[in-house]
Amino acid sequence: MTTKTHSQTPSEPGLLARIRNVSPRRAMLYVVLFFVGGLFLLPLESAVMTSFKTVSGFAQTVPIAPPPPGQATLEGWMNAWTTLRATMLNSAMFVIPATLLIPVLGSLAAFGLTITDWRGQIGIYVLFIVGIFIPLQAVLVPLSLTWSIVDVQTQLATLGPVNVWDLPLAQEHHAQFIELAITHIAFGIPLSTLLFRSHYKDLSDEMLEAARLDGASMRTIYLRIVLPLSKPLFVVVMILAFTTIWNDLLFALVIVTSPQAEPVTVAFAGLAGGMVREFNVIMAAGFITALPTLIVYILFTRQFAEGFANTGV
C-alpha cells in the first residue's frame, strides 16, 4: 500500500491577497484619497510640530518639520496653559448654564408651537424662523446699549435687602457672565425650537390623542411622553449649543469689559494678535482652547449621530 504525500503550500495571508486583488483604478483612488487626506491634516501637523519647538527652533525649520535636536520643549504649552487657565473657567461659567437652558427652552417652545393649538401660532413660529437668520453683526450696537442700560451688576447690587456681590464667591465681574449667558440663550432658542418642532411634527397623533382621552394634562403629556422621546435630540442640541457658545468671540468682545471676565476666546485672540508673537505658545493655546469641544465630540459622537438618525432632523 502506497501512501501519497501532498505538499501543502501555506495559504497566502488575507491582507496580501486583498492587496493583490485591488484593481489599478481602485488603487489610484486610494492614492488620491491618501494625498487629499494628507493635505487636510498638514496644517494640523504643522501646528503640533510648532507647539513643541522653541522660538529659535521655529525660526530654523519649516513648520511641518519636527523640532531639531535640542530645540524640543514644553514651554509653549506651559505658557499657554498659564495664560488661558483662568479664562477657561470664565468661559465655563456662562457656557454650561446656556448649554443646559437652550434645549429646555427650545423644547418647551416647540411643544407649545406643535402639540397645542392656539390662535396666532403660525405668526409666532415665523418670528422664531426670522430669529435664526438675523445677522449677529446687526445687533451688536443694540446689544451693547441694552446691557449698558440694564446694568446687571447694579441691578443685583440693589436687589432687595441683600447685595448679591457681598455673598461668598460672588464677584462683580460675574454680572458679565450673566449677560453673556442670556445673550447666547436668546440667540440659541430659535434654532433649538426649529429642531424640536421638526421632531415633534413626526410624533404619532394617535398616541397623543389617546393620552388626552385618558385625561392627561398638557404638562403630563410633555413630561411623560414627549420629553422621554426627545432625549436623543436634547444631546444634539446641547452639543451644537456648547460648541457654538464656547467658540464665540463676537459677543464676548462686545459685552465683556472687565479683564477678569474675559472668556478663553478673547484671551486666545489677544495672544494671536499681540505685538510679539511666540508661535509655539499660540499653537499650543489654540489646541487648549479647542480641547473642550474636542472632548465633547469624542465622548458623545455616538449619541450625536443617533440623535440625528432617530429623530429624523
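There is no residue in region 171-180 that is within 20 Å of Ile129 (Cα to Cα), out of contact with any Lys or Arg (no Cβ under 7 Å at 6 or more places or on another chain) and surrounded by 19 or more Cβ atoms within 10 Å (Cβ to Cβ). Taking the listed residues Asn247, Asn280, the one that is farther than 20 Å from Leu203 by Cα and in contact with a Gly (Cβ under 7 Å, 6 or more places away or on another chain) is Asn280, with no other qualifying.
All of Thr116, Thr99, Thr83 fail the test of being modelled with pLDDT of 90 or more, out of contact with any Asp or Glu (no Cβ under 6 Å at 6 or more places or on another chain) and farther than 30 Å from Arg277 by Cα, apart from Thr99. Within region 94-111, track down each residue that is more than 14 Å from Ser198 (Cα to Cα) and among the hydroxyl-bearing types (Ser, Thr, Tyr). Hit for region 94-111 is Thr99, nothing else.
Among Leu203, Leu191, Leu180, which is the only one that is over 23 Å from Leu113 (Cα atoms) and either aliphatic (A, V, I, L, M) or touching a Phe, Trp or Tyr at 6+ places or on another chain (Cβ under 7 Å) (or both)?
Matching residue, one of Leu203, Leu191, Leu180: Leu180.
Counting only residues that are without any contact (Cβ under 8 Å) to a residue 12 or more places away in the chain and acidic (Asp, Glu), give me the helices (runs of 4 or more DSSP H) lying completely in region 195-313 with at least 3 of them. Hits in region 195-313: 205-213. The residues of region 273-287 that are out of contact with any Ser or Thr (no Cβ under 9 Å at 6 or more places or on another chain) and either modelled with pLDDT of 80 or more or buried (at least 17 other Cβ atoms within 10 Å of the Cβ) (or both) amount to a single one, Glu278.
Is there a residue being surrounded by 14 or more Cβ atoms within 10 Å (Cβ to Cβ), within 13 Å of the chain's Cα centre (by Cα) and not aromatic (Phe, Trp, Tyr) anywhere in region 223-234? No, there is no match, as no residue in region 223-234 is surrounded by 14 or more Cβ atoms within 10 Å (Cβ to Cβ), within 13 Å of the chain's Cα centre (by Cα) and not aromatic (Phe, Trp, Tyr).
Would you confirm whether or not region 170-179 contains a residue that is β-branched (Val, Ile, Thr) and modelled with pLDDT of 90 or more? Looking through region 170-179, at least one residue is β-branched (Val, Ile, Thr) and modelled with pLDDT of 90 or more. Close Cβ contacts (under 7 Å, 6 or more residues apart or on different chains) running from residues in region 148-162 that are assigned by TED's automatic domain parsing to the domain that holds His173 to residues that are of a type outside the set (Gly, Ala, Ser) and part of a loop (DSSP other than H, G, I, E, B) comprise Gln153/Glu172; Ala157/Asn163.
Where residues in region 167-200 are among the hydroxyl-bearing types (Ser, Thr, Tyr) and touching a Gly at 6+ places or on another chain (Cβ under 8 Å), which of them is farthest from Phe308 (Cα to Cα)? Result: Thr193.
The values are calculated or read from the model by the stated rules, or taken from the named source; none is laboratory data. Because the structure is predicted, anything quoted here is derived from the model rather than measured. Here the Cβ is made from the backbone with ideal geometry for all residues, glycine too, and neighbour counts use every protein chain on show.
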